[in-house]
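Below is one structure, written out as structure tokens; the observations come after it.
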Amino acid sequence: MYVSSYAHSLARARHHRPVDPRLSIVIPARNEARNLEVILPELPPVHEVILVDGESVDGTVDVARRMLPTIRIVSQTRTGKGNALACGFAAATGDIVVMFDADGSADPAEIPAYLEALRVGADFAKGSRFCTGGGSADITPIRRAGNWFLSWTTNQLFRQRFSDLSYGYNAFWADIRPVLELPDVSTEPPRGGSMLWGDGFEIETVINCRVAAARLRIAEVPSVERARIHGVSNLHAVRDGLRVLHTIRAERRRARRLSAPAGRAANTDQEAHDLTVSRRYDVIEERA
């Protein structure tokens, strides 16, 4: 089972994680110049901020460099939010990677809470608008209901306790990047305008399913989603909800293909114990 083969290298990586980790904030952006004028000055001092530009035509890159001269600019290699994040992850040199949207919905003041969840033992810090202390100024009743159903479905298939599957404000130790297995950023885009699996808006669901399938330590961190500052969201509740549902099912099939009969026996009692990190952060425990 790929989980057990990865567990040994992950255990070594956990042992060597720094006490004072360097943070890389990855911001995918396409035509978000006006929003970047607001959010970039709000960011705390960190090791690096990486803006992944998706061929913006509104001066996004120029604004980013003006507001934050030390920002690193990376051009995404294909199209879609998933590819933008993958490009940012590949470029990151910090010990911890923070996924941060450019529309103003993510509150930079919450970054220390993500950092603390990771420092006390989590591999992946999952933002949640629906756990105690979370909230949203932007979600509609339809999207809320859809998110509940999608979270419930994922929990049933992956034996997790996610309270907010569809939220993209997350952070993780950089050493877990191999388990995400995102499409290689150097791969040429498919012909005909199609996208590689994981290159689109399904990226957050793909990541959540893969860290769950790999039995990583996942902690939910309360987060209050702010309203988008400028512009209009491209989300479509029904269309994107169906795409996420398809993604959940596809990722479950993938997890089963990667499993081997001997895999479950590879987990030691210590590994099972390690999956519980801290009640303070609503850590999601693996149920064997």
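The values are calculated or read from the model by the stated rules, or taken from the named source; none is laboratory data. Treat the numbers as computed from the prediction; the structure is a model and nothing was measured. Methodologically, a virtual Cβ is constructed for each residue, glycine included, from the backbone with ideal geometry; neighbour enumeration extends over all protein chains shown.
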Tally the residues that are acidic (Asp, Glu) and in contact with a Phe, Trp or Tyr (Cβ under 7 Å, 6 or more places away or on another chain), restricting the search to segment 102-149.
1
Out of everything in segment 21-37 that is farther than 27 Å from Leu118 by Cα and part of a helix (DSSP H, G or I), what residue ends up being nearest to the chain's Cα centre (by Cα)?
Asn35
Do we have any residue at all in segment 132-142 that's more than 24 Å from Arg215 (Cα to Cα) and either in contact with a Gly (Cβ under 7 Å, 6 or more places away or on another chain) or assigned to a helix (DSSP H, G or I) (or both)?
yes
Taking the criterion of being touching a residue at least 24 places away in the same chain (Cβ under 8 Å), in contact with a Lys or Arg (Cβ under 9 Å, 6 or more places away or on another chain) and in a helix (DSSP H, G or I), would at least one residue in segment 50-67 satisfy it?
yes
Of the conditions (1) in contact with a helix residue (DSSP H, G or I) (Cβ under 9 Å, 6 or more places away or on another chain); (2) aliphatic (A, V, I, L, M); (3) surrounded by fewer than 20 Cβ atoms within 10 Å (Cβ to Cβ); (4) not in a strand (DSSP E or B), Ile73 satisfies every one except a single condition; which number is it?
(4)
Could you check segment 116-130 and list, in sequence order, the residues that are crowded, with 20+ Cβ neighbours inside 10 Å and either in a helix (DSSP H, G or I) or of a type in the set (S, T, N, Q) (or both)?
Ala117, Leu118, Ser128
Identify, by number, the condition in (1) on the phi < 0 side of the Ramachandran plot; (2) at pLDDT below 95 that Ala92 doesn't meet.
(2)
Residues that are over 20 Å from Gly127 (Cα atoms) and either modelled with pLDDT of 90 or more or touching a helix residue (DSSP H, G or I) at 6+ places or on another chain (Cβ under 6 Å) (or both): find the helices (runs of 4 or more DSSP H) completely inside segment 169-272 holding 2 or more of those.
237-257
Segment 179-216: number of residues that are more than 14 Å from the chain's Cα centre (by Cα) and at negative phi
15
